[in-house]
1. Within the stretch 43-52, is there a residue that is in a strand (DSSP E or B), of a type outside the set (Asp, Glu), exposed (fewer than 10 other Cβ atoms within 10 Å of the Cβ) and in contact with an Asp or Glu (Cβ under 8 Å, 6 or more places away or on another chain)?
2. Could you grab me the full set of residues in the stretch 101-122 that are in a strand (DSSP E or B) and either open to solvent by 60 Å² or more (accessible area, probe 1.4 Å) or among the hydrophobic types (A, V, I, L, M, F, W, C) (or both)?
3. Do we find that Val55 is assigned to a strand (DSSP E or B), of a type outside the set (Asp, Glu) and open to solvent by 50 Å² or more (accessible area, probe 1.4 Å) in this structure?
4. Can you report the number of residues in the stretch 123-157 which are over 30 Å from Arg89 (Cβ atoms) and not in a strand (DSSP E or B)?
5. Taking the stretch 23-45 only, how many residues are closer than 25 Å to Asp118 by Cα and of a type in the set (A, V, I, L, M, F, W, C)?
6. List, please: which pairs have Cβ atoms under 6 Å, are six or more places apart or on different chains, and start with a residue in the stretch 148-165 that is free of Cβ contacts under 8 Å to residues at least 40 places away in the same chain and end with one that is aromatic (Phe, Trp, Tyr) and surrounded by 10 or more Cβ atoms within 10 Å (Cβ to Cβ)?
7. Please determine whether any residue of the stretch 62-71 is assigned to a loop (DSSP other than H, G, I, E, B), hydrophobic (A, V, I, L, M, F, W, C) and open to solvent by 40 Å² or more (accessible area, probe 1.4 Å).
8. Please go through the stretch 123-149 and give me each residue that is modelled with pLDDT of 85 or more, closer than 26 Å to Pro160 by Cβ and open to solvent by 70 Å² or more (accessible area, probe 1.4 Å), ordered by number.
Amino acid sequence: RDASDTVAAFKSVRNGLGKFTFRPIVGQTYRLVVKDELNRSITGDLPEPRSSGVVMQVSDTLESSLRIRLRGTVRDQLTVVIHSRNSIRYSEKIQVGADLMLDRSRLSEGISHITIFDGMDRPVAERLVFRRPQQASVAVEASQSLYAVRSRAKLKLSLPGSGIYSVSIYRTDSTQQLPGIVEQLLLTSDLHGAVEDPAFCFSNDPSASFVADLLMMTHGWRRFRWSDVMEGKSSPLVYMPEVRGHLLKATLLDTAD
């Protein structure tokens with residue numbers, strides 16, 4: 001701040017992710033100072049506080065409930081729209097100062113976008129939330145604990161029910177750091193930039209949900225502009241979709257020439 005005093009402090013939880021809260025004063029300037037484990041400092045100015053607007057706070061109240069709290073200077077009625085992968089999952093009118101309690105089961109698995117619109121259908125706030133998918137219980141039993149080189153291995157799979165399953169076998173020291181298809185479809189494809197250790201957000205670690213929420217606040221971004229959506233504009237396709245296999249282009253040359 002201008003007076004060079006500390007108004008808030010934070011410490012990263014995992015992979016450099018952390019959060020802090022404070023109430024800014026209009027007309028004051030604020031600077032963020034981050035120090036790493038080697039005491040090296042990185043500084044940057046925070047955006048200038050505005051005197052009007054809408055602030056959205058999303059928090060967990062219970063394991064299955066989500067609280068959306070709206071505060072601000074707007075007096076007209078707001079619209080809460082929750083959408084995921086181009087599909088609207090929930091929509092409701094709400095007044096500034098009210099809290100909206102939402103059951104997590106109404107959200108799609110993976111990332112959902114919460115967008116707040118004012119009375120003129122203009123987006124005034126947005127937030128990303130993450131719902132972990134239900135983990136299927138699959139038991140794997142090997143016919144023996146050790147195998148000789150090139151010997152036949154038999155595995156017994158106990159599946160939770162009917163469905164389509166796929167099995168892949170790989171060296172544990174070769175591709176274990178690569179994100180799987182679930183992490184790609186439900187997490188990293190909706191986030192901007194590289195995500196470190198995305199599989200942790202799907203784990204049973206007690207802090208996994210908290211870390212995933214920090215990830216939503218730091219990597220969250222909008223892949224489109226609402227003004228273009230309202231006007232019916234759409235971005236052109238850069239690549240044709242390969243709906244029936246790979247599309248190949250080649251030039252045949254006469255080797256005799």
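1. No, every residue in the stretch 43-52 fails to be in a strand (DSSP E or B), of a type outside the set (Asp, Glu), exposed (fewer than 10 other Cβ atoms within 10 Å of the Cβ) and in contact with an Asp or Glu (Cβ under 8 Å, 6 or more places away or on another chain).
2. Here is the first cut: in the stretch 101-122, the residues in a strand (DSSP E or B) are 101-103, 110-117.
If the condition is that a residue be in a strand (DSSP E or B) and either open to solvent by 60 Å² or more (accessible area, probe 1.4 Å) or among the hydrophobic types (A, V, I, L, M, F, W, C) (or both), then Met101, Leu102, Asp103, Ile111, Ile114, Ile116, Phe117 are the ones that fit.
3. So Val55 fits the description; yes.
4. Filtering the stretch 123-157 down to residues over 30 Å from Arg89 (Cβ atoms) leaves 139-157.
Of the ones still in play, those that are also not in a strand (DSSP E or B) are 143-154.
Matching residues across the stretch 123-157 total 12.
5. So the answer is 2.
6. Filtered contacts from the stretch 148-165: Ala153/Tyr147.
7. First, pick out the residues of the stretch 62-71 that are assigned to a loop (DSSP other than H, G, I, E, B): 62-64.
Remaining after also requiring hydrophobic (A, V, I, L, M, F, W, C): 62.
Of the ones still in play, those that are also open to solvent by 40 Å² or more (accessible area, probe 1.4 Å) are 62.
Checked the stretch 62-71: at least one residue is assigned to a loop (DSSP other than H, G, I, E, B), hydrophobic (A, V, I, L, M, F, W, C) and open to solvent by 40 Å² or more (accessible area, probe 1.4 Å).
8. Within the stretch 123-149, Arg132, Val140, Glu141, Ser143, Gln144, Ser145 meet the criteria.
The values are calculated or read from the model by the stated rules, or taken from the named source; none is laboratory data. Predicted, not measured: the structure shown is a model, and the values here were computed from it. Neighbour counts run over all protein chains shown; Cβ positions are idealised from the backbone, glycine included. Side chains included, ligands, DNA and RNA excluded: accessible areas come from the protein's heavy atoms. Shrake-Rupley method; radii C 1.70, N 1.55, O 1.52, S 1.80 Å.
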